[in-house]
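In what follows, a single structure is set out as structure tokens and then discussed.
The values are calculated or read from the model by the stated rules, or taken from the named source; none is laboratory data. Keep in mind that this is a model prediction, so the values were computed, not measured. With ideal geometry, Cβ positions are generated from the backbone for all residues, glycine too; neighbour counts draw on all protein chains shown.
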Amino acid sequence: MRPIETMDRREIETHQLQRLRDLIAELRKTNAYYGAVLREAGVDENIGSLDAFIRAVPVTTKQQVLDDQCDHPLYGSNLTYPLDHYTRLHRTSGTTGQPMRWLDTPESWQRMLDNWKRVFQTAGVTAEDRAFFAFSFGPFIGFWAAFEAGTQLGMLCIPGGGMGSEARLRILLDNEATVLCCTPTYALRLAEVAEAEGIELDRSRVRRILVGGEPGGSVPEVRRRIESRWPGARVVDHHGMTEVGPVSFENDRHRGVLHVIEQSYLAEVVDPHTLAPTPPGEDGELLLTTLDRVGMPLLRYRTGDIVKRSARSAADLGYAELAMEGGIRGRSDEMIVIRGNNVFPSAVEAIIRRHDGVSEYRVDIVRRQALAEMSVTIEPFDGNHDVDRICDQISRSLRDAFQMRVPVEAARPGELPRFEMKAKRWVVRDG
């Protein structure tokens, strides 16, 4: 088979249909959960088209998966093979609810490593690089697959689990790492620690910072902030989920555009309320069918990720795979309505990160009956003597963006929490 990056749209869909047919045949035979779903939908391996599959098969929600794992402990009935075929267990982070457990066979795991290789290769990372993984290596999938994919590509891969930020910085520098893998928040945190400890990042050899876990990697203001703190480094975004795997890579010619790895996923962008397809240029929710994670698959899974399908041509982009402008624009379960405004955390972060005097921030949402009020607390860099001006500027920027007044106050340096993985900056409570 030709590499998918060289295929046109018709060839990609032909490949996907064959992979989908193979998957359906396997699931109908041995997967209790999806075998029942497919039989009820009247779908078998002779399905005529991708559209026919989409019309016939219902969506899968996270709550359905959680309910199934609760009803059939420990791992649910969505297992295609006997339990002794599985060699990997990971768990979702639980940042938006109860964690899910996910299992992989060696074959499914290898497919995920192959997808991570695509992320690395598109980012210009080669076997000559040395990659440092600023990650705890716990049950959350995080950069586990990235680490192993890097070793298969021939990179020197340096784990950063079980140590503090200063120790991680010193190992990164001592081993002359050229690639850093972490969340956008933690890239900024490492830079903050370096400044506090007198560690000079201008002697770092890091040339690529591969980020994920948060929308920030495709937010221009966040990228700019990271790259200003890491001289000579370029931020490269990607995204994925524990239950589906590494999903996208960043376009190497158009920053902030993510492409779905369609060799492994059937992707849809739909209206979150009606589930009707959304046209290019409009926001919608990303649905994914995992074509080669056969051991524990997902069909038409509601990821909750809000994306905008690009209207640019494949000739312009250089890839025919589905393109998402601005990466992950937000999550449907994180959107908050305040005085009639739909507010996503990524939009607020983009505004705050325009202001260079801010080290960290927190957003407080207080719900009072049918109304919600938002306020922001910023933490200025230590020694910043222009705090009142920064607070006023951010408040005015938020007002201009959302047409409402948002109070902004300052915390003392070091007062707000710091994060290694997904940041939890939004605090929502009832008033």
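The table below gives the values:
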quantity	calculated
The listed residue being at pLDDT 85 or above and touching a helix residue (DSSP H, G or I) at 6+ places or on another chain (Cβ under 9 Å), out of I352, I365, I336	I352
The stretch 232-256: number of residues that are in contact with a Lys or Arg (Cβ under 7 Å, 6 or more places away or on another chain) and part of a strand (DSSP E or B)	5
Set V222, V206, V270, V235: member being closer than 23 Å to W116 by Cβ, crowded, with 16+ Cβ neighbours inside 10 Å and in contact with a Ser or Thr (Cβ under 8 Å, 6 or more places away or on another chain)	V206
Every residue from the stretch 388-431 that is at pLDDT 90 or above and of a type in the set (A, V, I, L, M)	I390, I394, L398, V406, V408, A410, A411, L416
Scope the stretch 121-173; condition of a type in the set (S, T, Y) and touching a residue at least 12 places away in the same chain (Cβ under 8 Å); matching residues	T122, T126, S136, S165
Residue match in the stretch 52-71 (condition: in a loop (DSSP other than H, G, I, E, B) and aromatic (F, W, Y))	no
Strands (runs of 3 or more DSSP E) within the stretch 302-404 that include 2 or more residues among the aliphatic types (A, V, I, L, M)	323-325, 336-338, 358-368, 371-380
Test: Q110 is within 21 Å of E262 (Cα to Cα), surrounded by fewer than 20 Cβ atoms within 10 Å (Cβ to Cβ) and without any contact (Cβ under 8 Å) to a residue 60 or more places away in the chain	yes
Filter pass, W116 being aromatic (F, W, Y), in a strand (DSSP E or B) and in contact (Cβ under 8 Å) with a residue 60 or more places away in the chain	no
Unique match (being out of contact with any Gly (no Cβ under 8 Å at 6 or more places or on another chain) and either over 25 Å from C181 (Cβ atoms) or modelled with pLDDT of 95 or more (or both)) among P272, P277, P231, P246	P231
Qualifying residue in the stretch 114-136 (condition: touching a strand residue (DSSP E or B) at 6+ places or on another chain (Cβ under 8 Å), crowded, with 21+ Cβ neighbours inside 10 Å and of a type in the set (S, T, N, Q))	yes
Yes/no for L188 being of a type in the set (A, V, I, L, M, F, W, C), in a strand (DSSP E or B) and buried (at least 20 other Cβ atoms within 10 Å of the Cβ)	no
Unmet criterion (only one of (1) more than 23 Å from L210 (Cα to Cα); (2) touching a Pro at 6+ places or on another chain (Cβ under 6 Å)) for T278	(2)
Qualifying positions in the stretch 165-205 - in contact with an Asp or Glu (Cβ under 9 Å, 6 or more places away or on another chain) and among the β-branched types (V, I, T)	T178, V179, T183, T185, V193, I199
